[in-house]
1. What residue, among those in segment 73-90 that are within 24 Å of Thr27 (Cα to Cα) and open to solvent by less than 60 Å² (accessible area, probe 1.4 Å), is farthest from the chain's Cα centre (by Cα)?
2. Residue check: is Asn32 more than 30 Å from Ser115 (Cβ to Cβ), open to solvent by 60 Å² or more (accessible area, probe 1.4 Å) and assigned to a strand (DSSP E or B)?
3. Does Arg19 meet the test of being in contact (Cβ under 8 Å) with a residue 24 or more places away in the chain, surrounded by fewer than 20 Cβ atoms within 10 Å (Cβ to Cβ), of a type outside the set (A, V, I, L, M, F, W, C) and part of a strand (DSSP E or B)?
4. Kindly provide the set of residues from segment 7-16 that are open to solvent by 30 Å² or more (accessible area, probe 1.4 Å), part of a strand (DSSP E or B) and either touching a Lys or Arg at 6+ places or on another chain (Cβ under 6 Å) or among the small types (Gly, Ala, Ser) (or both), ordered by number.
Amino acid sequence: QVQLVESGGGLVQPGGSLRLSCAATGTIFRINIMSWYRQAPGKGRELVASITSDSSTNYADFVKGRFTISRDNGKNTVLLQMNSLKPEDTAVYYCYARGAFYQVWGQGTQVTVSS
């Protein structure tokens, strides 16, 4: 069974940076896609960025040029470097992993951008 453990959230001022980390643990078969989603209060969950096993990436328009997703396949870890943060980036950020026969979500980590 695969579990995802997230870390790196917190409070940051507008224009600042944070780096989120997500590590997959347990009995891990090939992870095809690892992604970050976010959910702001009163809104639905939305895709932020995703990366495949061959490191192809996809970004939501609202983070292009500011966020970078990367992946360490050997450690089953995905990182999200967030720069030039805005108050509207405030949300709970969730890690997601999908393999051929499973999909799993992390517990979420709070990111708050405020002065």
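1. Asn76
2. It is false that Asn32 is more than 30 Å from Ser115 (Cβ to Cβ), open to solvent by 60 Å² or more (accessible area, probe 1.4 Å) and assigned to a strand (DSSP E or B).
3. Against the criterion (in contact (Cβ under 8 Å) with a residue 24 or more places away in the chain, surrounded by fewer than 20 Cβ atoms within 10 Å (Cβ to Cβ), of a type outside the set (A, V, I, L, M, F, W, C) and part of a strand (DSSP E or B)), Arg19 qualifies.
4. Across segment 7-16, the qualifying residue is only Ser7.
Residue-by-condition table, conditions (1) surrounded by 12 or more Cβ atoms within 10 Å (Cβ to Cβ); (2) assigned to a loop (DSSP other than H, G, I, E, B); (3) not aliphatic (A, V, I, L, M):
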{"residue": "Val5", "(1), (2), (3)": "yes, no, no"}
{"residue": "Arg38", "(1), (2), (3)": "yes, no, yes"}
{"residue": "Pro41", "(1), (2), (3)": "no, yes, yes"}
{"residue": "Arg71", "(1), (2), (3)": "yes, no, yes"}
{"residue": "Val92", "(1), (2), (3)": "yes, no, no"}
{"residue": "Tyr96", "(1), (2), (3)": "yes, no, yes"}
{"residue": "Gln107", "(1), (2), (3)": "no, yes, yes"}
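The values are calculated or read from the model by the stated rules, or taken from the named source; none is laboratory data. Since the model is a prediction, treat every value here as computed from it, not as a measurement. In this analysis, Cβ positions are derived from the backbone assuming ideal geometry, glycine residues included, and neighbour counts consider all displayed protein chains. These accessible areas exclude ligands, DNA and RNA; they are computed on the full protein's heavy atoms, side chains included. Shrake-Rupley method; radii C 1.70, N 1.55, O 1.52, S 1.80 Å.
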